[in-house]
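Here's the structure, in structure tokens; my notes come after.
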């Protein structure tokens with residue numbers, strides 16, 4: 001049970017192992033992984049780049065917006081300053097404040113209210129105008145309630161500051177209640193300044209102009225929104241006092257000092273309430289107020305988040321498409337390779353006739369199929385060639401053995417005949433018996449190797465020695481061999497059949513003396529297949545017999561040019577005792593050394609016959625029948 005579990009675990013591990021994956025799965029997985037990594041890298045870079053661009057663009061827009069808002073607020077505050085100057089320099093207001101009118105307080109109050117209303121009426125965002133005289137008189141116009149009769153200016157929080165010797169010319173009050181003199185005061189921000197006598201410079205009263213916070217709301221209006229979906233939060237700050245909060249949450253309150261510390265730079269990031277914000281701040285050169293714009297960071301990068309989500313969706317879609325396409329492409333590559341593998345298995349089993357289907361394409365798979373088919377053709381041809389060589393050798397041996405009947409018995413018998421002839425002094429018979437014994441001894445040696453030219457010529461000498469006893473007056477044998485070629489290798493029983501052919505068709509058919517001549521020469525020829533020069537031995541066997549007719553010569557040449565598919569020898573030479581004809585020699589030489597080597601024959605009636613045997617110089621065939 002334990003061994004079975006281990007085997008199952010090993011199989012599962014092998015399935016997970018990358019090396020054991022199928023090729024199409026590897027290709028598809030690799031392409032998908034590369035695309036996935038590229039998508040992650042490109043998507044991350046695009047996301048961070050777009051986030052950075054959106055952040056900078058948002059900050060630039062926020063800064064531009066608050067600068068425009070700051071300019072607009074400065075213009076309004078300058079108008080209020082000019083209004084305050086117009087009020088304090090009005091002659092009627094100056095006269096009333098210097099001394100009460102003789103007509104009575106009611107007339108003074110009417111005149112003051114009229115002048116204040118006349119001067120302030122062009123600015124509808126003015127909540128009210130108040131003048132508090134040093135002698136306790138109060139003049140006020142307001143869109144709300146009227147002041148209480150028991151009100152005293154000394155009860156105002158700003159009085160001590162403005163009554164001191166170091167009082168500022170103008171004092172902007174943070175957003176708060178209109179005044180304590182009102183029963184139902186509104187929330188306003190105010191401008192306070194003293195009114196001095198234009199002639200003597202003596203302080204006559206204090207003027208307080210109350211402005212509606214709606215002024216800021218109007219300035220912040222929709223025209224300053226970045227877009228319809230992203231609206232920053234705007235604040236107008238006077239030091240830590242919030243003159244206006246566009247969300248109306250902090251208006252009239254004090255801002256946290258930690259946030260004020262974070263706002264030292266004109267723009268950047270800040271943490272507030274556990275959330276991260278983008279901010280931009282601008283200081284007014286006139287009022288020294290700060291215009292602040294803040295926006296949650298998540299809102300600033302909303303578009304980049306949408307693009308990120310879009311990229312993720314597109315990436316997943318394209319990943320699925322790429323995976324399917326790569327799997328299909330890999331299958332298209334692997335499928336022909338699988339067919340090649342199946343074909344190779346059939347070849348491994350010994351079927352060399354099988355061929356791959358060539359699709360006609362010029363890609364690597366098509367070229368591989370063509371090369372594989374060419375290789376199979378070559379292997380099949382080589383096997384056929386070796387098979388033919390073995391059949392030819394067996395045929396030659398069979399014919400030789402058929403002619404020799406029982407060579408061992410004949411060899412022993414011939415040696416006995418030779419001994420008896422010498423004993424009885426019959427030398428010709430003894431010489432013939434000895435030569436015939438040497439012929440049988442030479443034929444009994446292995447056929448699957450080459451012999452030296454000297455050995456083959458010795459065999460011919462024994463053969464012709466017997467023939468001379470038959471034709472003492474008709475046969476003349478000549479041999480011209482350079483000593484340097486005597487150790488060259490030739491195919492066993494390749495020259496003797498040519499000489500035997502000369503005997504049958506030359507000497508036996510000739511009425512007069514016939515000359516058989518064997519010569520050899522070393523020549524250098526160009527090899528087109530190997531693209532260099534090679535050395536060959538050309539052995540020529542010439543007879544002065546009657547020759548052959550043109551028709552007979554053409555028959556012989558066609559037989560020598562045969563493709564080697566036939567085992568029977570069309571030139572087995574009638575009456576030849578060895579039975580090893582020219583065609584047999586031709587096929588054995590070509591099978592061992594190649595098509596460029598072999599026999600050539602020339603003949604003409606009345607002029608004899610010339611047979612040329614060409615073999616490579618220095619080639620050796622080992623005991624297995626392989627050329628080296």
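The values are calculated or read from the model by the stated rules, or taken from the named source; none is laboratory data. Small disclaimer: the values here were computed from a predicted structure and weren't measured. A quick note on method: Cβ atoms are made from the backbone with ideal geometry, for glycine too, and the neighbour counts reach across all protein chains shown.
Let's see how each residue does on (1) closer than 30 Å to residue 281 by Cβ; (2) in the same structural domain as residue 198 (by TED's automatic domain parsing); (3) without any contact (Cβ under 8 Å) to a residue 12 or more places away in the chain; (4) surrounded by 17 or more Cβ atoms within 10 Å (Cβ to Cβ):
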site: 23; (1), (2), (3), (4): no, no, no, no
site: 32; (1), (2), (3), (4): no, no, no, yes
site: 41; (1), (2), (3), (4): no, no, yes, no
site: 48; (1), (2), (3), (4): yes, no, yes, no
site: 56; (1), (2), (3), (4): yes, no, yes, no
site: 63; (1), (2), (3), (4): yes, no, no, yes
site: 96; (1), (2), (3), (4): no, yes, no, yes
site: 109; (1), (2), (3), (4): no, yes, no, no
site: 121; (1), (2), (3), (4): no, yes, yes, no
Query raised in the report: Could you list, in sequence order, the residues of the range 264-275 that are in a strand (DSSP E or B) and exposed (fewer than 14 other Cβ atoms within 10 Å of the Cβ)?
Result: 269, 271, 275
Query raised in the report: Which one of 87, 27 is in contact (Cβ under 8 Å) with a residue 12 or more places away in the chain and over 58 Å from the mean Cα position of the chain (by Cα)?
Result: 87
Report task. Could you tell me which of the residues 337, 260 is in contact with a helix residue (DSSP H, G or I) (Cβ under 8 Å, 6 or more places away or on another chain), at pLDDT below 80 and surrounded by 12 or more Cβ atoms within 10 Å (Cβ to Cβ)? Result -> 337
Query raised in the report: Can you name the number of the only condition in (1) touching a helix residue (DSSP H, G or I) at 6+ places or on another chain (Cβ under 9 Å); (2) outside any strand (DSSP E or B); (3) under 25 Å from residue 45 (Cβ atoms) that residue 278 fails?
Result: (2)
Query - Leading residue by the ranking (surrounded by the fewest Cβ atoms within 10 Å (Cβ to Cβ)) among those in the range 424-482 that are touching a strand residue (DSSP E or B) at 6+ places or on another chain (Cβ under 6 Å), modelled with pLDDT of 85 or more and part of a helix (DSSP H, G or I) - result: 453
Requested in this report: Hey, can you tell me all the residues within the range 507-527 that are exposed (fewer than 14 other Cβ atoms within 10 Å of the Cβ), in contact (Cβ under 8 Å) with a residue 40 or more places away in the chain and either within 14 Å of residue 476 (Cα to Cα) or not assigned by TED's automatic domain parsing to the domain that holds residue 475 (or both)?
Outcome: 513
**Report entry** Qualifying position, being under 21 Å from residue 543 (Cα atoms) and in a strand (DSSP E or B), among 500, 517
**Finding:** 517
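Matching residues to (1) within 30 Å of residue 300 (Cα to Cα); (2) surrounded by 13 or more Cβ atoms within 10 Å (Cβ to Cβ); (3) within 60 Å of the chain's Cα centre (by Cα); (4) modelled with pLDDT under 85:
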position: 12; (1), (2), (3), (4): no, no, yes, yes
position: 16; (1), (2), (3), (4): no, no, yes, yes
position: 60; (1), (2), (3), (4): yes, no, yes, yes
position: 91; (1), (2), (3), (4): no, no, no, no
position: 101; (1), (2), (3), (4): no, yes, no, yes
Query raised in the report: In the range 281-299, how many are crowded, with 19+ Cβ neighbours inside 10 Å and part of a strand (DSSP E or B)?
Result: 8
Query raised in the report: Right, residue 331: under 28 Å from residue 26 (Cβ atoms) and at pLDDT 75 or above or not?
Result: yes
Query - the range 319-341, residues that are under 17 Å from the mean Cα position of the chain (by Cα) and in contact (Cβ under 8 Å) with a residue 40 or more places away in the chain - result: 319, 322, 323, 326, 327, 329, 330, 333
